[in-house]
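The block underneath contains the structure these notes are about, expressed in structure tokens.
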Amino acid sequence: MTTRRSEAERLMQTMIDETFFADPTAGQADVDTLCRVAAVTPDWLRARIDAGLLAPAAPRIDVAWLQRVRCMVRVESDFDAVPELAALVADLEDEIHHLRRRLQRVGVGH
């Protein structure tokens, strides 16, 4: 499972780079590009960055950043949650992912 996810993450990163940046090695992520990739409004993005709930994605959008944004959007929308709660859920999902990877490395888990 770790291998599949890693392959999927690499593929997703390649797709992000090729779709939104002419030169994937030098792509500067402006606010419009970030919003287009994450499917959020500039106000939504700025509010979460200003509150410290989301790190700026510059100079490059990566898969982890995009997954965090999508998780936060989903939690806020599905549960009418405040941004702070959505950020906490995103942190917990990320921690679960890392713990599962560690378990798989030591041969425990599926």
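Miscellaneous remarks
- Amide N proximity, segment 36-57 versus residue 77 label position 7 Å along Cα-to-Cβ, cut-off under 19 Å: 36-49, 54
- For segment 33-58, backbone nitrogen atoms closer than 13 Å to the point 7 Å from residue 84 Cα along Cα-to-C-beta are found at 51-53.
- Annotation for residue 9 and residue 64: the two label points, set 7 Å from Cα along the Cα-Cβ direction, are 0.7 nm apart.
Rule-based calculations on the coordinates, nothing more; no lab input. Everything quoted here is computed from the prediction, not taken from an experiment. All Cβ positions, even for glycine, are placed from backbone atoms using ideal geometry, and neighbour counts span all protein chains on display.
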